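A short write-up of the structure that comes next.
The values are calculated or read from the model by the stated rules, or taken from the named source; none is laboratory data. Note that the coordinates shown come from a computational prediction; the quantities given were computed from them, not determined experimentally. With ideal geometry, Cβ positions are generated from the backbone for all residues, glycine too; neighbour counts draw on all protein chains shown. For accessibility, only protein heavy atoms count, side chains too; no ligands or nucleic acids. Shrake-Rupley method; radii C 1.70, N 1.55, O 1.52, S 1.80 Å.
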Amino acid sequence: MALTVGVIGGGQLARMMVPPAIGLGLEIEVLAENEGSSARIAATEVGDYHDADVVLAFAKGKDVITFDHEHVPQPVLKALVDAGVSVHPSPAALFVAQDKLVMRERLSAIGLPVPDWARLSAPADLQAFLDEHGGRCVVKTARGGYDGKGVRVVSDAAAVDDWFAQLSDDPAGIGAALLAEELVDFRRELAQSVARRPSGDVVAWPVVESIQRDGVCAEVIAPAPASAGRISDMAEEIARTVARELDVTGVLAVELFETTDDRVLINELAMRPHNTGHWSIDGSTTSQFEQHLRAVLDLPLGDTGTHDEWSVMVNVLGGPATGTIADRLPRAMADEPGAKIHDYGKDPRPGRKVGHVTTTGDDLDDVVYRARAAAEHFLD
Ligand code: ADP
């Protein structure tokens, strides 16, 4: 009988798990937030993932429950485990991904390299951190941030008074304290994805460079140029250690800073397929979405080799000012027949990730040019 995967969350990550599920003969069902979700093309139920009864009913008959995001509350995850449902990644692993302060504490305890950080309960704590770090630092909300929302560079202890006013124990809020970090002097941002099975095997894709604009990933180059050797070894070792120490199952993406003094520091963890791994759909023997399904089902993991020397992914943010990606497809297809265009089926809105384009080849300049040219079709 076909194995059945249940995915909680109906975003583009759930949507992109569908094609490999079809290929592998898996049944896949999604618990989406609303009718018009990106993943609506899979057999989709609509329901509130905060409600344990809804999630338990959805999990019935599934061989595994996995996720499109890390926001399912711990009591709901525990209810699943108590009911005997196989949940990957586990609640304990997700707990670390759900709160940036918990993440910093755990990574520091393991001895992994992270930026200098401190827990802030009041503006006086921020003043003390600023005094120690040359008068400038980064402040982050522990919970609820994404795409740079919840991240501010500050030089004044009063700059996050609005956040201090919102601190609470409510898991749906921004957290019980804020996180201060040194402002890292980085050369570039990298991301290392690995996948781990419950029985322990881990595979890694090449480390990639991610180019951010306004706190949002704009482009990814795989592999990161000039990363062979020391940088890629450090990135892979860090991600393998995180996966093992935190007992992560499925895909784990580790966002990294390559510093100007040649260190690699961890910025963030994502315990699911990640934007910086989208290139793998068209550029790797096993995409991160196929690998995630294999890993959470504890099936043998696939080869992470690449077809071409380079893959470049460009995000389509916001989408066309008039019409949809679908309206622009014929022109883009005609102009860039080698580009792989991915439309998430979402309504265009400023700043929203609505699709991406990937190109591959052996000449990086050409690959970058073609990816940008194809993405341009969807941006005006
Ligand atoms: P989000 O969870 O919203 O994606 P991140 O913590 O990943 O937020 O931060 C978003 C971006 O802000 C990062 O990709 C990086 O460009 C910048 N940033 C985050 N932390 C630091 C830091 N300590 N020093 C310098 N830049 C940072």
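Numbers for the structure displayed
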{"read-out": "Among Ala57, Ala375, Gly302 - extreme Cα towards positive end, dipole of the chain, charges at beta-carbon", "value": "Ala57"}
{"read-out": "Stokes-Einstein diffusion coefficient of segment 94-244, Kirkwood radius over Cα pairs, 25 °C, 0.890 mPa s, in µm²/s", "value": "145 µm²/s"}
{"read-out": "Percent accessible area from carbon and sulfur atoms, segment 1-112, protein chains only, probe 1.4 Å", "value": "55 percent"}
{"read-out": "Those lysines that a straight Cα-Cα span of less than 25 Å connects to Lys140, excepting residues fewer than 8 apart in one chain", "value": "Lys100, Lys149, Lys353"}
{"read-out": "Of all accessible heavy-atom area on segment 159-316, the percent that carbon and sulfur account for (1.4 Å)", "value": "45 percent"}
{"read-out": "Ordering of 333-345, 31-43 by burial proxy (mean other Cβ atoms within 10 Å per residue, highest first)", "value": "31-43, 333-345"}
{"read-out": "Per residue solvent-accessible surface (Å²) - the chain, probe of 1.4 Å", "value": "42 Å²"}
{"read-out": "Using θ = phi - 60° and Karplus 6.51 cos²θ - 1.76 cosθ + 1.60, couplings along segment 346-362 (whole Hz; Gly, Pro as x)", "value": "10, 5, x, 8, x, x, 7, 6, 10, x, 8, 10, 10, 10, 9, x, 9"}
{"read-out": "Net charge dipole size for segment 114-194 [Lys, Arg +1 and Asp, Glu -1 on Cβ; Debye, nearest 20]", "value": "300 debye"}
{"read-out": "Segment 287-304 - phi-based ³J(HN,Hα) in whole Hz, Karplus 6.51/-1.76/1.60, Gly and Pro as x", "value": "6, 4, 6, 4, 5, 4, 4, 4, 5, 5, 8, 6, 9, x, 7, x, 5, 9"}
{"read-out": "Solvent exposure ordering (accessible area, 1.4 Å, most first) of His356, His50", "value": "His50, His356"}
{"read-out": "Within segment 53-138: Cβ-based charge dipole about Cα centre, in debye rounded to nearest 20 (Lys, Arg +1; Asp, Glu -1)", "value": "160 debye"}
{"read-out": "Å³ per residue enclosed by the Cα convex hull of the chain", "value": "141 Å³"}
{"read-out": "For Val114, distant residues with modelled amide H under 5 Å away", "value": "Ile266"}
{"read-out": "Normalised contact order of segment 236-380, rounded percent, pairs of Cα under 8 Å and 6 or more residues apart", "value": "21 percent"}
{"read-out": "Dipole of the chain [Lys/Arg +1, Asp/Glu -1 at C-beta], most positive-end residue of Gly319, Pro75, Ser210", "value": "Pro75"}
{"read-out": "Point-charge dipole on Cβ atoms (K/R +1, D/E -1) for the chain, about Cα centre, debye to 20", "value": "480 debye"}
{"read-out": "Pairwise centroid distance, computed over Cα atoms, of segment 200-265 with segment 112-191, Å", "value": "22 Å"}
{"read-out": "Per-residue ³J(HN,Hα) for segment 261-276, Karplus 6.51 cos²θ - 1.76 cosθ + 1.60, θ = phi - 60°, Hz, x for Gly and Pro", "value": "9, 6, 9, 10, 10, 7, 8, 8, 10, 10, 9, 4, x, 9, 3, 6"}
{"read-out": "Cα-Cα pairs of segment 1-114 separated by more than 19 Å (percent)", "value": "47 percent"}
